[in-house]
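Following: one structure in structure tokens, then a few remarks.
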Protein chains: 2
Amino acid sequence: MNRPLLGTSASEIGIDRADREPIQQQIARQIRALVLSGRLKPQAKLPSTRALSEELDVARATVVEAYEQLLSEGYIETRTGSGTRVAPVLPEALLTAPVKAAPFKAHRADQRRQPAKPFRSGLVDWENFPHDEWGRLVGRVWRNPSIALLEHNDAFGWLPLREAIARHLFEWRGISCDAADVIVTAGAMDAFDLISRAVLSPGDRVWMEEPGYPTARRVFSLGGVATIPVPVDGDGLSVAKGRDKAPDARAAFVTPARQYPTGVTMPLARRLELLDWAAEADAIVIEDDYDSEYRYVGRPLPALMSLGGTARVIYSGTFSKVFSPLLRLGFLVVPHGLTSRFREERLSHGSPPSLMAQPALAEFIASGAFAIHIRRMRRIYANRRAALLNALKPGDGTLYTLDASPAGLTLLLRLPASADDVALTHTLAEAGVEVHPLSADYAGRRKEQGLVLSFAGFAEKDLEASARNLMGVLSR
Amino acid sequence: MNRPLLGTSASEIGIDRADREPIQQQIARQIRALVLSGRLKPQAKLPSTRALSEELDVARATVVEAYEQLLSEGYIETRTGSGTRVAPVLPEALLTAPVKAAPFKAHRADQRRQPAKPFRSGLVDWENFPHDEWGRLVGRVWRNPSIALLEHNDAFGWLPLREAIARHLFEWRGISCDAADVIVTAGAMDAFDLISRAVLSPGDRVWMEEPGYPTARRVFSLGGVATIPVPVDGDGLSVAKGRDKAPDARAAFVTPARQYPTGVTMPLARRLELLDWAAEADAIVIEDDYDSEYRYVGRPLPALMSLGGTARVIYSGTFSKVFSPLLRLGFLVVPHGLTSRFREERLSHGSPPSLMAQPALAEFIASGAFAIHIRRMRRIYANRRAALLNALKPGDGTLYTLDASPAGLTLLLRLPASADDVALTHTLAEAGVEVHPLSADYAGRRKEQGLVLSFAGFAEKDLEASARNLMGVLSR
């Protein structure tokens with residue numbers, strides 16, 4: 001290793017010809033370090049490229065390249081007549097910013113695994129998920145990807161997936177739609193945000209179910225829309241009450257297949273009443289259909305959109321409950337006349353969802369594996385629900401009642417008006433039971449009391465143990 | 001197959017015991033069809049469950065289940081004393097909505113593959129992409145996924161990926177940051193949108209490079225921010241001009257490593273001048289570092305954020321250029337004091353990016369495969385750039401000049417002020433050459449003329465052929 005003097009400074013540059021770092025980079029790096037450490041002062045003269053190349057015994061072009069690098073970084077400058085000098089502006093801010101030795105602390109503690117406990121929401125069963133099939137499919141797609149994927153630029157998503165979704169919706173939800181009207185989204189929040197921007201304007205009024213899905217209410221509110229809480233009765237959102245409160249609303253957001261959080265199914269008569277109002281008011285009905293494939297008695301109900309209402313119904317679906325929340329994929333079916341507005345919004349704002357899962361998911365649905373998965377999980381979830389219902393069976397002294405709609409991935413345990421479901425949620429959390437308070441799903445002041453229990457992600461014995469735990473706390 | 005009479009109607013219900021469709025569903029489906037076809041009229045009386053079960057020779061419970069299904073769908077109703085009847089409200093809308101036989105047209109024509117031609121932007125090389133390694137990695141992650149992935153709920157992204165990004169930034173960009181301050185985003189638009197919501201308010205003024213990246217300008221404008229075009233000179237954004245136009249701006253958006261679209265690198269003196277202004281004005285500097293790993297002479301320049309400016313610099317990076325645009329993944333490094341505001345925004349709005357690619361990408365970076373990929377692609381892209389530069393070498397008669405910054409994935413071909421680069425873009429498109437007009441990257445009226453050529457996705461011979469084609473059009 002040579003250690004010649006660098007010009008008039010006492011510093012040294014070492015060249016290691018065995019190192020994988022190219023020589024010009026070794027030179028530039030060491031001069032940079034000399035400048036940053038203050039050993040080469042601002043305006044200090046550097047040796048000419050010829051002189052330094054001779055000193056270091058390297059090609060002159062190598063030194064030229066190193067100098068060019070430092071020049072472009074602003075560490076040195078060249079003036080005609082005065083040669084190469086260290087740049088004059090090297091303020092303290094730069095000189096005192098030491099490079100830390102260990103700049104990245106692993107914050108594993110933040111994410112240390114806390115095993116999920118019943119009845120945490122947002123989980124699906126992981127033991128029975130077809131990991132092998134899914135992993136093989138994803139791997140196969142990306143080991144030998146179509147160049148069409150690279151050149152893909154349809155803001156509505158990967159066409160084969162949109163076709164597979166259209167076919168699934170026809171078979172499972174009675175919806176007759178065209179792949180051209182299907183938009184792949186990055187999940188429900190992305191979908192609501194897109195709807196908000198494409199068809200709602202700030203100041204518009206939107207009927208929201210009371211109680212209802214708080215995320216939907218928040219996303220629409222953030223878009224500047226006035227959300228109008230409309231009470232839910234035994235048939236779902238009360239159209240009569242909606243007409244009283246805001247007859248001229250621009251849209252109604254409903255979960256007709258299984259109202260969140262009450263579990264109520266909107267019967268045909270109410271659906272038609274809602275569509276009648278929408279036609280009169282020239283309003284849009286947003287149908288959020290988040291887990292309707294999981295119906296344990298009878299067939300899944302046809303979607304509201306299937307009632308000939310494709311001109312003013314926007315249908316929102318998600319793969320988070322029926323398949324896996326990890327994909328963060330959902331979809332919208334929009335009236336054909338609105339697709340261009342949705343496309344404009346998609347292009348101008350936000351990011352279309354990742355393509356990573358889309359081709360594999362398209363194949364998974366088209367091959368029939370998706371339908372098999374749903375049927376299989378339906379049996380498993382039906383058993384879990386039955387086990388939980390059985391474990392929670394109200395006795396003579398119990399104060400709660402259980403919603404018994406034979407569908408979905410949650411149960412609603414209703415409490416008397418005197419209960420405080422938020423305080424109870426905290427008490428239960430201390431006892432190791434995670435629940436969601438019903439009152440949190442109300443926008444207005446009049447709130448009913450209850451606990452929403454998500455059972456999808458847990459084995460029967462865990463559900464039973466947590467149910468006993470829950471009943472123990474409730475009996476106190 | 002039995003074909004008994006259904007009550008008083010002449011219609012028939014057929015039961016096929018060999019069918020995979022459960023019998024109660026066969027019954028419900030056929031009654032539904034009779035209602036929808038009008039053969040069972042509104043208010044028509046249905047047989048009792050006992051009578052129908054005897055007629056069909058099935059268990060009474062089976063008929064009860066079928067009726068319950070139809071009841072919950074609203075097709076029929078039960079009144080004490082009058083038995084089960086078809087629901088009275090079955091308006092025309094429903095009765096005339098025929099189920100289409102072929103509901104999904106394949107819109108393949110829309111997406112029929114048009115092979116990309118030089119110099120389309122947004123592509124990376126696909127031939128040399130490590131498909132095998134990447135596909136195997138992705139497949140392995142998902143065949144045997146950690147349950148931590150299912151239970152993952154950090155809005156900032158998968159921690160191992162954030163750690164890998166922090167390490168990469170330290171090694172390649174001189175940035176010393178903590179994984180806790182890294183936010184995985186769904187690409188640049190998502191990142192700019194998040195910045196806009198977390199640290200800018202409607203009415204805030206933001207310096208934007210002129211010419212500059214139109215997408216960034218658009219996303220900030222949509223957030224209600226006033227974007228102030230600040231001219232770019234040979235050292236990048238002119239801080240002096242910015243001070244003239246909007247000294248009290250809240251933020252400056254810059255691409256210091258390689259200004260888009262001019263290719264200019266911001267030297268150290270200008271960087272420090274910018275940071276000085278930001279400190280005085282209490283402003284934020286948004287450093288968009290989109291392809292700085294691809295520098296063909298010397299090492300990549302350290303990032304602006306590395307200049308001790310972590311308290312007021314937000315760094316934005318993306319995997320779209322340096323790896324693959326299909327992931328739609330990028331990242332932000334934000335000042336530690338701002339992380340809680342970013343977290344709030346992430347939780348309240350939009351969707352965090354998909355987890356599908358994150359675990360595999362974390363492993364790909366941590367294993368060193370990512371650095372190998374970048375070095376390999378750097379050689380390939382350097383050759384492509386050299387071939388294109390050579391093919392376009394201006395002769396005595398040519399009117400254009402070539403930006404020669406030895407970095408990035410685009411070349412800027414500057415045209416005289418008398419040219420019309422938009423018209424030229426159309427003419428070239430007809431000749432099969434895709435370019436981007438420089439004038440489109442200006443917000444103000446004073447626009448320079450030029451063509452932005454993206455060379456990353458094309459083989460040398462294709463670049464040379466398109467360059468000849470381009471020169472042929474220019475010489476006319």
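The values are calculated or read from the model by the stated rules, or taken from the named source; none is laboratory data. What you are looking at is a predicted structure, and each value in this text was computed from that prediction instead of being measured. Note that we place each Cβ from the backbone using ideal geometry, even for glycine, and neighbour counts take in every protein chain shown. Surface areas here come from the heavy atoms of the whole protein model, side chains and all, with no ligands, DNA or RNA. Shrake-Rupley method; radii C 1.70, N 1.55, O 1.52, S 1.80 Å.
Given A:438, A:424, which one is outside the structural domain of residue A:258 (by TED's automatic domain parsing), open to solvent by less than 20 Å² (accessible area, probe 1.4 Å), hydrophobic (A, V, I, L, M, F, W, C) and at pLDDT 95 or above?
Residue meeting the stated conditions: A:438.
Does the stretch B:441-476 hold any residues that are of a type in the set (Lys, Arg) and crowded, with 17+ Cβ neighbours inside 10 Å, and which are they?
Passing the criteria: only B:447.
Please tell me if residue B:139 is in a helix (DSSP H, G or I), touching a Phe, Trp or Tyr at 6+ places or on another chain (Cβ under 9 Å) and open to solvent by less than 10 Å² (accessible area, probe 1.4 Å).
Yes.
With respect to residue A:199, is the statement that it is touching a helix residue (DSSP H, G or I) at 6+ places or on another chain (Cβ under 7 Å), away from every other protein chain (no Cβ under 11 Å) and either open to solvent by less than 20 Å² (accessible area, probe 1.4 Å) or modelled with pLDDT under 95 (or both) true?
Answer is yes for this residue.
Would you confirm whether any residue within the stretch B:343-355 is free of Cβ contacts under 8 Å to residues at least 24 places away in the same chain and not aliphatic (A, V, I, L, M)?
yes
What about residue A:174, is it assigned by TED's automatic domain parsing to the domain that holds residue A:341, small (Gly, Ala, Ser) and touching a Phe, Trp or Tyr at 6+ places or on another chain (Cβ under 9 Å)?
no
For the stretch B:403-438, name all the residues that are without any contact (Cβ under 8 Å) to a residue 40 or more places away in the chain, of a type in the set (Ser, Thr, Tyr) and assigned to a helix (DSSP H, G or I).
B:425 - this is the single residue of the stretch B:403-438 that is without any contact (Cβ under 8 Å) to a residue 40 or more places away in the chain, of a type in the set (Ser, Thr, Tyr) and assigned to a helix (DSSP H, G or I).
Is it the case, given these coordinates, that residue B:86 is open to solvent by 50 Å² or more (accessible area, probe 1.4 Å), on the phi < 0 side of the Ramachandran plot and at pLDDT 80 or above?
In short, no.
Would you confirm, using the coordinates I've provided, whether residue B:417 is open to solvent by 40 Å² or more (accessible area, probe 1.4 Å) and under 30 Å from residue B:228 (Cβ atoms)?
yes
Quick test of your reading of the structure: residue A:57 fulfils all but one of (1) buried (at least 17 other Cβ atoms within 10 Å of the Cβ); (2) modelled with pLDDT of 65 or more; (3) of a type outside the set (Ser, Thr, Tyr). Name the failing condition by number.
Among (1) buried (at least 17 other Cβ atoms within 10 Å of the Cβ); (2) modelled with pLDDT of 65 or more; (3) of a type outside the set (Ser, Thr, Tyr), the lone unmet condition for residue A:57 is (1).
Take the residues in the stretch A:124-136 that are in contact (Cβ under 8 Å) with a residue 40 or more places away in the chain and open to solvent by 20 Å² or more (accessible area, probe 1.4 Å), then tell me which one is farthest from residue A:261 (Cα to Cα).
Out of the qualifying residues, it is A:133.
With the requirement that a residue be open to solvent by 10 Å² or more (accessible area, probe 1.4 Å), aliphatic (A, V, I, L, M) and more than 12 Å from chain B (Cβ to nearest Cβ), what does the stretch A:284-298 give you?
Of everything in the stretch A:284-298, just one residue is open to solvent by 10 Å² or more (accessible area, probe 1.4 Å), aliphatic (A, V, I, L, M) and more than 12 Å from chain B (Cβ to nearest Cβ), namely A:284.
Within the stretch A:378-385, does at least one residue satisfy the condition of being in contact (Cβ under 8 Å) with a residue 12 or more places away in the chain and over 21 Å from residue A:261 (Cβ atoms)?
Looking for residues that are in contact (Cβ under 8 Å) with a residue 12 or more places away in the chain and over 21 Å from residue A:261 (Cβ atoms), one finds at least one in the stretch A:378-385, hence yes.
State yes or no: is residue B:310 farther than 30 Å from residue B:416 by Cα and either open to solvent by 10 Å² or more (accessible area, probe 1.4 Å) or at pLDDT 90 or above (or both)?
Here the answer is yes, as residue B:310 does meet what is asked.
Output the number of residues of the stretch A:147-174 satisfying the condition of being within 30 Å of residue B:319 (Cα to Cα) and either open to solvent by 30 Å² or more (accessible area, probe 1.4 Å) or part of a helix (DSSP H, G or I) (or both).
13
Report, by residue number, each residue of the stretch B:433-460 that is small (Gly, Ala, Ser) and touching a strand residue (DSSP E or B) at 6+ places or on another chain (Cβ under 7 Å).
Of everything in the stretch B:433-460, those that are small (Gly, Ala, Ser) and touching a strand residue (DSSP E or B) at 6+ places or on another chain (Cβ under 7 Å) turn out to be B:439, B:443, B:444, B:450, B:454.
Just need a number here: residues in the stretch B:178-187 that are facing chain A (nearest Cβ under 10 Å) and open to solvent by less than 10 Å² (accessible area, probe 1.4 Å).
4
Out of A:150, A:159, A:200, A:194, report the one residue that is hydrophobic (A, V, I, L, M, F, W, C) and within 19 Å of the chain's Cα centre (by Cα).
Going through A:150, A:159, A:200, A:194 in turn, the sole match is A:194.
Which of the residues spanning the stretch B:263-283 are open to solvent by less than 10 Å² (accessible area, probe 1.4 Å) and not in a helix (DSSP H, G or I)?
Result: B:263, B:266, B:283.
Condition check ((1) free of Cβ contacts under 8 Å to residues at least 12 places away in the same chain; (2) in contact with a strand residue (DSSP E or B) (Cβ under 6 Å, 6 or more places away or on another chain)) across all residues:
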position: A:218; (1), (2): yes, no
position: A:226; (1), (2): no, yes
position: A:231; (1), (2): no, yes
position: A:236; (1), (2): no, no
position: A:241; (1), (2): yes, yes
position: A:254; (1), (2): no, yes
position: A:266; (1), (2): no, yes
position: A:269; (1), (2): no, no
position: A:279; (1), (2): no, no
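Restricting to the stretch A:299-327, name every residue that is touching a residue at least 24 places away in the same chain (Cβ under 8 Å), within 9 Å of chain B (Cβ to nearest Cβ) and under 19 Å from residue B:32 (Cβ atoms).
The answer is A:301, A:302, A:306, A:307, A:309.
Just one of the numbered conditions (1) open to solvent by 20 Å² or more (accessible area, probe 1.4 Å); (2) modelled with pLDDT of 80 or more; (3) under 27 Å from residue A:297 (Cα atoms); (4) β-branched (Val, Ile, Thr) is not true of residue B:78; which one?
(2)
Do any residues in the stretch A:463-476 that are under 12 Å from residue A:424 (Cα atoms) have Cβ atoms under 6 Å from those of residues that are open to solvent by less than 40 Å² (accessible area, probe 1.4 Å), where the two are at least six apart or on different chains, and which pairs are they?
Filtered contacts from the stretch A:463-476: A:470/A:433; A:473/A:428; A:473/A:431.
Consider residue A:253 carefully, then state whether it is among the aromatic types (Phe, Trp, Tyr) and more than 19 Å from residue A:291 (Cβ to Cβ).
Spelling it out, it is not the case that residue A:253 is among the aromatic types (Phe, Trp, Tyr) and more than 19 Å from residue A:291 (Cβ to Cβ).
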